[in-house]
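**Q** This is the structure, below, for whatever I ask next.
Just so it is clear, none of the values below were taken in a lab; they were calculated from the coordinates. All values reported here derive from a predicted model rather than from experimental measurement. Cβ coordinates were reconstructed from backbone atoms using ideal geometry, including for glycine residues, and neighbour counts include every protein chain displayed.
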Amino acid sequence: MNWVPIVLIIFKIGVLGATMFFAIKSHRDGEKEQEREKAANRRDAPDEHALDPSTPDLKVDG
């Protein structure tokens with residue numbers, strides 16, 4: 001019966017280690033996903049200097 005506390009402590013350390021690993025991994029994956037979304041939003045955003053043909057900015061002589 002002296003081996004029971006040793007086994008339980010080893011199990012507890014293993015569970016806590018796995019929990020910490022997945023918590024850190026989840027947090028890091030979330031940050032990467034946010035960076036990807038920001039990059040996609042920047043890439044899809046309209047350019048400020050682009051001409052919009054729907055506005056009558058250009059005057060045509062004729």
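**Q** Would you kindly derive the ³J(HN,Hα) couplings of region 32-38 from the backbone phi angles with the Karplus curve 6.51 cos²θ - 1.76 cosθ + 1.60 (θ = phi - 60°), listing them in order in whole Hz, with x for Gly and Pro?
**A** Running phi through 6.51 cos²θ - 1.76 cosθ + 1.60 with θ = phi - 60° gives 5, 5, 5, 5, 5, 5, 4 Hz.
**Q** Apply 1/(1 + (r/R0)^6) to the Cβ-Cβ distance of E35 and W3, taking R0 = 35 Å, and write down the FRET efficiency to the nearest 0.05.
**A** After rounding to 0.05, the efficiency reads 0.15.
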